[in-house]
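Worksheet: the structure to be examined is printed underneath.
The values are calculated or read from the model by the stated rules, or taken from the named source; none is laboratory data. Note that this is a predicted model, so its numbers are computed, not measured. For neighbour counting, all protein chains shown are included, and Cβ atoms are generated from backbone atoms with ideal geometry for every residue, glycine included.
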Protein chains: 2
Amino acid sequence: MSKNIEEILQSTDWEIEPVNLYKPISYALESGGKRLRPMLMRMACELFEKNGSIVENAAVAVEIFHNFTLLHDDIMDNSPVRRNRPTVHKKWNTNTAILSGDAMMIKSYEFLQKVPQKYWTKIFPLFTQTALQVCEGQQLDMDFETADNISLAQYFEMIRLKTAVLLACSLKIGAILADADDKDADLLYDFGIALGIAFQLKDDYLDTFGDAKTLGKPIGGDILNKKKTFLLLSAIKHSADDINNLLQITIGSRFINDSKKITVITNIFKKLDIPKICEEELEKYYSLAINYLDNISVEEKNKTELKNLMQKLHIRNY
Amino acid sequence: MSKNIEEILQSTDWEIEPVNLYKPISYALESGGKRLRPMLMRMACELFEKNGSIVENAAVAVEIFHNFTLLHDDIMDNSPVRRNRPTVHKKWNTNTAILSGDAMMIKSYEFLQKVPQKYWTKIFPLFTQTALQVCEGQQLDMDFETADNISLAQYFEMIRLKTAVLLACSLKIGAILADADDKDADLLYDFGIALGIAFQLKDDYLDTFGDAKTLGKPIGGDILNKKKTFLLLSAIKHSADDINNLLQITIGSRFINDSKKITVITNIFKKLDIPKICEEELEKYYSLAINYLDNISVEEKNKTELKNLMQKLHIRNY
């Protein structure tokens, strides 16, 4: 990622009054993360041979918005740890996390306003629509925790909203700032949706089959939160009635301790070959993404960086 | 207020999926309230003899933003009742209130984007800066609950941020949309700051000396929440050491029940003539507001509506 974006995110501008509002924001932003959305925005811009530095403020806006959603999601999911550190609502308290999150969301608009004004009419509606969709995705994710009979189609719609649209929006903003034509900008958006869905599938996979230290958070959170992940929904779809009952009873039980619950569910997933099914689904969405990328009217060599990033995301274990 | 604004606020647009995200928003917006900010925006616009209907979308944006802050503030203050109905976090739950509030804030930008684009460069930065200041004010308000030695100057800065800037912003947006010149728009902003401070002083007064049914919420909430209101800070300033100690001990005590606490503190306020001191302070800010209004370069008769509204706000008991 560009050194400037990291500098802006971690700038001392946050060290202002009131400290209890801005210190948690600085804490949330200094902890790094993949900075995937700024990276995608810069790459999208450079795809059209425009210097990526023009995306700086919009990239900061999207990254702050993303971290705002993590901050509020962590309250709602009662998550204690993110990126190997206590979450804001654990380190401070829920009220602080609510209000600092609110301020972050507004800050993201503040940075968006630093983009040259001729781009505002394209970028503002896209950003606002995306932000609203991310909220809708989070609501569906929470609704699904207590709902029965969630279909894979509903799952894919939920992760499209919760995860994919913000990646797609980042890419499209990059294209807009590079003065790409509308058709290419839309193709890049569709590329982002496919990439985002693959990204979330991998996230689902890692939450159960990853390594706590590399991930920066405990393994099995989705299982304990009764999340309707791709793993669980596929397991329900591919299992006979008896296994299906065992799955549902184990997930819903208050009498099985957390680590036992995670072990039992993980073993069922393995027995049903869910990791392989997940891998095949991932491949499907990566192919779809590649397909959109292939149709963008720039030279092949310009696409190498995005293709390499996809490869890196595919094999990631964090 | 314009019928259209009320219609937009209560429109069936909110009845969309996911229901658990949008139903609480509709609930929060249908409960009325004074709609003071939309009213001020329209009056500001009409002050310059432009038809007030142009402010509709911006007025809806500001009103949704205001209701978003109430929704999140009610979580933070653990308030059970607003406008004679359960607050969103009580009727649903905290997670719902957090996320629906987030969506409301984004919705306010969505409505702001419906304003003709030629006004965007003036209105967006003003709105965003104001929104951030409101968060800062809320943080200071919370910080003050556990802080000692808060001065009246600090109190006035807190209510300027928490309450006055949004009234001032509403007025200034009205002026901008009426194509008023910058000097007049700024005078109207300053008028709004003075009016907003008077408005909050009256709110402080009513929270202790008002009527629960007319107000739509229980009396004494500020006392129980240890809020550093104008009443309390003035009482501390005007009382001898023994009364001062009694005040601080009563407010901080865990062993005095709520209704007793409210009675004791209210009686001390009365004995110290705080209602009168509050009234004098109110007069001061109303005069200041009138002064700014007098300097705006439009015909006197155009100012009647705003002056009447001020009078109504002054004598209100809700």
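Here is how the numbers come out for the structure above:
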| read-out | value |
| --- | --- |
| Yes/no for B:Phe156 being facing chain A (nearest Cβ under 9 Å) and in a helix (DSSP H, G or I) | no |
| Single residue of the stretch B:199-213 satisfying the filter (part of a helix (DSSP H, G or I) and among the acidic types (Asp, Glu)) that is nearest to B:Lys34 (Cα to Cα) | B:Asp203 |
| Among the residues listed as A:Val88, A:Val134, the single one being in contact (Cβ under 8 Å) with a residue 60 or more places away in the chain, away from chain B (no Cβ under 11 Å), crowded, with 19+ Cβ neighbours inside 10 Å and within 27 Å of A:Glu56 (Cα to Cα) | A:Val88 |
| Subset of the stretch B:77-119 that is among the aliphatic types (A, V, I, L, M) and more than 18 Å from the chain's Cα centre (by Cα) - its residue that is nearest to A:Leu99 (Cα to Cα) | B:Ile98 |
| Some residue of the stretch A:217-233 being more than 22 Å from A:Asp148 (Cβ to Cβ) and surrounded by fewer than 17 Cβ atoms within 10 Å (Cβ to Cβ) | yes |
| The lone exception for B:Lys114 - which of (1) assigned to a loop (DSSP other than H, G, I, E, B); (2) more than 14 Å from chain A (Cβ to nearest Cβ) it fails | (2) |
| Residue check, A:Asp211 touching a Phe, Trp or Tyr at 6+ places or on another chain (Cβ under 7 Å), charged (D, E, K, R) and either surrounded by 23 or more Cβ atoms within 10 Å (Cβ to Cβ) or over 22 Å from A:Asn291 (Cβ atoms) (or both) | no |
| Hits in the stretch B:101-111 (condition: more than 7 Å from chain A (Cβ to nearest Cβ) and of a type in the set (Asp, Glu)) | none |
| Residue in the stretch A:146-153 that is within 11 Å of another protein chain (Cβ to nearest Cβ), out of contact with any strand residue (DSSP E or B) (no Cβ under 6 Å at 6 or more places or on another chain) and not charged (D, E, K, R) present | yes |
| Odd one out for A:Lys162 among (1) among the basic types (Lys, Arg); (2) in a helix (DSSP H, G or I); (3) in contact with a strand residue (DSSP E or B) (Cβ under 7 Å, 6 or more places away or on another chain) | (3) |
| Helices (runs of 4 or more DSSP H) enclosed by the stretch A:232-318 - at least 3 residues per element that are closer than 24 Å to A:Gly220 by Cα and either acidic (Asp, Glu) or at pLDDT 95 or above (or both) | A:258-271, A:274-294 |
| Options A:Ile5, A:Ile25; residue that is more than 14 Å from chain B (Cβ to nearest Cβ), surrounded by 17 or more Cβ atoms within 10 Å (Cβ to Cβ), under 30 Å from A:Gly192 (Cα atoms) and of a type outside the set (Lys, Arg) | A:Ile5 |
| Checklist (1) aromatic (Phe, Trp, Tyr); (2) more than 14 Å from chain B (Cβ to nearest Cβ); (3) touching a Gly at 6+ places or on another chain (Cβ under 6 Å) applied to A:Phe48, failing item | (3) |
| Residue match in the stretch A:120-127 (condition: among the polar types (S, T, N, Q), buried (at least 19 other Cβ atoms within 10 Å of the Cβ) and either at the interface with chain B (Cβ under 10 Å from one of its Cβ atoms) or within 19 Å of the chain's Cα centre (by Cα) (or both)) | no |
| In the stretch A:74-103, the residues that are among the hydroxyl-bearing types (Ser, Thr, Tyr) and either touching a helix residue (DSSP H, G or I) at 6+ places or on another chain (Cβ under 6 Å) or modelled with pLDDT of 95 or more (or both) | A:Thr87, A:Thr94, A:Thr96, A:Ser100 |
| Criterion (touching an Asp or Glu at 6+ places or on another chain (Cβ under 7 Å) and surrounded by fewer than 13 Cβ atoms within 10 Å (Cβ to Cβ)) met by exactly one of B:Ser297, B:Ser287 | B:Ser297 |
